[in-house]
Amino acid sequence: MAKDRPNARFHGRIEGDRPCEAPGCEAAGEFRAPPLEGPGGDGPGTYRWFCLDHVRAFNSSYNYFDGMTAEEINRAQRPMAGWERETRAFARAGAGDQGPRWADFADPLDAIGARFRREVAPERSDGKPLSGQDRASLKVLGLAPDADRTALRRRYSELVRQYHPDRNGGDRSHEGMLQKVIAAYQQLRQAPAFA
């Protein structure tokens, strides 16, 4: 690439075969500028295209407030300008479920977590939440998320008998799995979902 041509490091550069719209310039128009008539009613309108030198000249002389009254300028410079518009709903568009209400949560991240737990990881029928560690431990034990404390104890006993060396003629090859089962049971029996 020639030294006199701008390269991709310039922000806003859009390559194309458009000529620069500055009178008498034969360089490529690779940078866009707002139209002379201002933004249209339904969108930004058609852009003007300039070379790097001419877009720099345009930017240095551009005045956003040109043509505005003092009241319009004051309104545009208010600290809360733009925030009076209503934002999108928290729930996905078209979903019958509107998601959690922000007022139900002290911390917004709790609301997002509640939505995630409901959509991605189904809750238990008793409504008690499961942490990621709870889910991992249930997977080690081969239990469903809806298991109760009795099922937890029963499954733990089965797996200990299956993997314990004393029940396998002294074979210690399953000792790693036995340790995982014991750790999973210890974690789950203290979890709020199984209290």
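Summing Lys and Arg as +1 and Asp and Glu as -1 over all other residues whose Cβ lies under 13 Å from the Cβ of R56 gives a net charge of -1.
Please give the net charge around C20, taking every other residue with its beta carbon less than 11 angstrom from that of C20, where Lys and Arg add +1 and Asp and Glu add -1.
That works out to -2.
If R0 equals 41 Å, the separation of the Cβ atoms of W83 and R18 corresponds to a calculated FRET efficiency of about 0.65. Positive contributions from Lys and Arg (+1) and negative ones from Asp and Glu (-1), summed over other residues with Cβ under 9 Å from the Cβ of P165, come out at -1.
A quarter of the convex hull surface defined by the alpha-carbon atoms of the stretch 118-195 gives 5.1 nm² as the mean projection. Full extension of the segment from R167 to I182, taken as 0.36 nm per residue of separation minus the current Cα-Cα distance, would add 3.8 nm.
Take peptides 47-58, 64-75, 137-148 and line them up by average Cβ neighbours within 10 Å, highest first, as a rough protection proxy. Present the calculation step by step, with values, prior to reporting the outcome.
Numbers: 47-58: 18.2, 64-75: 9.8, 137-148: 16.2.
Ranked by mean Cβ neighbours within 10 Å, highest first: 47-58, 137-148, 64-75.
Taking every protein chain into account, the 1.4 Å probe leaves T46 with about 100 Å² of accessible area, to the nearest ten.
The values are calculated or read from the model by the stated rules, or taken from the named source; none is laboratory data. All values reported here derive from a predicted model rather than from experimental measurement. FYI the Cβ positions are ideal-geometry reconstructions off the backbone, even for glycines, and counts take in every protein chain you see. These area figures cover heavy atoms from the full protein model, side chains too; ligands, DNA and RNA do not enter into them. Shrake-Rupley method; radii C 1.70, N 1.55, O 1.52, S 1.80 Å.
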